[in-house]
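What follows draws every value from the coordinates through simple rules; no lab data is involved. Bear in mind the structure is a predicted one, so any value in this text is a computation, not a measurement. Positions of Cβ are backbone-derived with ideal geometry, glycine not excepted, and every protein chain shown enters the neighbour counts.
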Amino acid sequence: MSAKQNILGKLRSSLTGTTPIVDNFDEALVTEPYTYSPEQRIPQLRKQMEAVHTEIHQTTGQDWPALLARLLGKRQLPSLLIAPTTPHGQRVSQYWSEHPGLPTLKAYNRPVEEWKAELFNDTPASLTTTLGAIAATGSLILWPTREEPRLMSLVPPVHFALLKASEIRDNFYQVQQEYAWAQGMPTNALLVSGPSKTADIEQVLAYGAHGPKDLVVLILEDQ
């Protein structure tokens, strides 16, 4: 008998004659204190995210490309990385084609090995969508895909994120229930509340150490 089998055997035998403890989990403890009305969700999310240096703008599903263009111009960013086959990537491409002179669009449409140096050294900003957000903690839910991989939200110094107001949830428990994560966790779901930051031994806070130094969220309100 191996050491592993011996340990497992002892653990199993130690349960002989015992009675399982009834699960007394009270859902209200993780939902009631963190439940908001529809009118409260955006202000709550903004309060939490802006407290950690996230920039938030409220716009509409019709107007967000124009707002995105203005924000890029304000920051004097020369290019923007997009996922061209996604609906929002197509919206950006269409708006750009109708308004010449805007920053260059870069398409994430090839293996990273083919353009790693350009991605890491010459791609100042990116645009991704989100799966939603959590009002209680002020967190975006990112769910990278093959069309829109994790590097898009991790590498460029400025990350623009699109969030539908209708997809802001009250709390994390609500998200877990809605997407049935108890039956199987997603392979790469991410909760992001603000730009990357860290502090050295002297507690000097620095942004952009392990990811974007600026996170800009465009909340698309229902029209």
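Per residue of the chain, the DSSP helices (runs of n ≥ 4 H) give a summed -39500 (n - 2.57) that works out to -9000 deg cm²/dmol at 222 nm.
Take the Cα radius of gyration of segment 57-216 and divide it by 2.2 N^0.38 Å, N being the number of residues; the result is 1.08. Taking amide H atoms as placed 1.01 Å from N in the peptide plane, the amide H of Glu221 lies under 5 Å from those of Thr59, Thr60, Gly61, Ala165, each 5 or more residues away in sequence or on another chain. For the cross-link pairs Lys164/Lys197; Lys116/Lys164; Lys47/Lys164; Lys47/Lys197; Lys47/Lys74, the ones whose C-alpha atoms lie over 21 Å apart are Lys164/Lys197; Lys116/Lys164; Lys47/Lys74.
If the chain linking Gln40 and Thr137 were pulled fully straight, counting 0.36 nm for each residue of separation and taking away their Cα-Cα distance, it would gain 33.6 nm. Build a GNM of the chain with springs between Cα atoms under 10 Å apart, and of Ala83, Ala66, Ala165 the one that fluctuates most is Ala66.
Taken along the Cα-to-beta-carbon direction at a fixed 7 Å, the label points for Ile21 and Gln5 span 3.2 nm. Among the chymotrypsin sites (Phe, Trp or Tyr not before Pro) in segment 122-223, none sits in a DSSP loop with a Cβ that has at most 11 other Cβ atoms within 10 Å.
Taking label points 7 Å from Cα along the Cα-to-Cβ direction, Thr145 and Gln90 give a separation of 1.1 nm.
Remark: spin-label model distance Asp122-Glu32 equals 6.0 nm, labels positioned 7 Å along the Cα→Cβ axis. Across segment 122-129, computed HN-Hα scalar couplings (Karplus, 6.51 cos²θ - 1.76 cosθ + 1.60, θ = phi - 60°) run 9, 10, x, 8, 9, 10, 9, 8 Hz from first to last residue, x flagging Gly and Pro.
In the elastic network of the chain, a GNM with C-alpha springs shorter than 10 Å, the most mobile of Met185, Met49, Met152 is Met185.
Relative to one another, the C-alpha centroids of segment 168-223 and segment 33-67 are positioned 14 Å apart.
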